[in-house]
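The values are calculated or read from the model by the stated rules, or taken from the named source; none is laboratory data. Bear in mind the structure is a predicted one, so any value in this text is a computation, not a measurement. With ideal geometry, Cβ positions are generated from the backbone for all residues, glycine too; neighbour counts draw on all protein chains shown.
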Amino acid sequence: MITLISGIPGTGKTFIGDYLTEHHEFIHVDLESQAGNQFLTRLQQQDFDGFVAQVSSLGDRIAMTFGYPPEWLPVIEQLAARGVVTAWLDSPLLFSRKHWQPKPGQDPLTYTVQIAKIIDAHKQLDAFYGERKICVSDSNGDDFLPIEDIVTRLLSMKNG
């Protein structure tokens, strides 16, 4: 099982990937990390079957995290067509901004640019993810939902 966790910045993608490793026997591959770059090369070359094979060779339970720019949605659709389970973590924008932390060396302006792209692409993202969108914040938008609630929903997902 390969699960690709994407979403709005600040929704806990990397935290959830790490949590799945620590508590649910997944291997976490952060595609935005230096180690994840080896996998991104295949995607940039549009070698989707090679990407899935390379990731599958790591083990049976893989959680990939990737805050991809929305223009990569066709790439994500190709992965879903090859059996990768895709999920989108969502939250109110104020919640997202409050919790977003730049990765080492990342320009803080990255957040604003990424959010603007997500807003522009929201119809396409909504159409693709549908029920595979998970709002990670409580109903007031103040705090994260309990991690196991998010993980339970994530692990029950299937594409389709």
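Determine, yes or no, whether residue 148 is among the acidic types (Asp, Glu), out of contact with any helix residue (DSSP H, G or I) (no Cβ under 9 Å at 6 or more places or on another chain) and either over 19 Å from residue 66 (Cα atoms) or surrounded by fewer than 17 Cβ atoms within 10 Å (Cβ to Cβ) (or both).
Here the answer is no, as residue 148 does not meet what is asked.
Restricting the search to the range 8-56, which residues are of a type in the set (Val, Ile, Thr) and touching a His at 6+ places or on another chain (Cβ under 6 Å)?
21
Among the listed residues 93, 89, which satisfies the condition of being surrounded by fewer than 17 Cβ atoms within 10 Å (Cβ to Cβ), in contact (Cβ under 8 Å) with a residue 24 or more places away in the chain and of a type in the set (A, V, I, L, M, F, W, C)?
None of the others qualify; the one that does is 93.
Within the range 121-140, can you find the residues that are of a type in the set (D, E, K, R) and either surrounded by 12 or more Cβ atoms within 10 Å (Cβ to Cβ) or at pLDDT below 95 (or both)?
126, 131, 132, 133, 138
Filter the range 15-51 down to residues that are of a type outside the set (D, E, K, R) and within 18 Å of residue 149 (Cβ to Cβ) and give me whichever is surrounded by the fewest Cβ atoms within 10 Å (Cβ to Cβ).
In this case the residue turns out to be 23.
If you take the residues in the range 5-42 that are part of a strand (DSSP E or B) and among the aliphatic types (A, V, I, L, M), which one is nearest to residue 120 (Cα to Cα)?
5
So in the range 66-100, with the set limited to residues that are small (Gly, Ala, Ser) and in contact with a Lys or Arg (Cβ under 7 Å, 6 or more places away or on another chain), which one is modelled with the highest pLDDT?
Here the answer is 87.
Residue check: is residue 68 assigned to a helix (DSSP H, G or I) and closer than 23 Å to residue 144 by Cα?
No: the conditions fail for residue 68.
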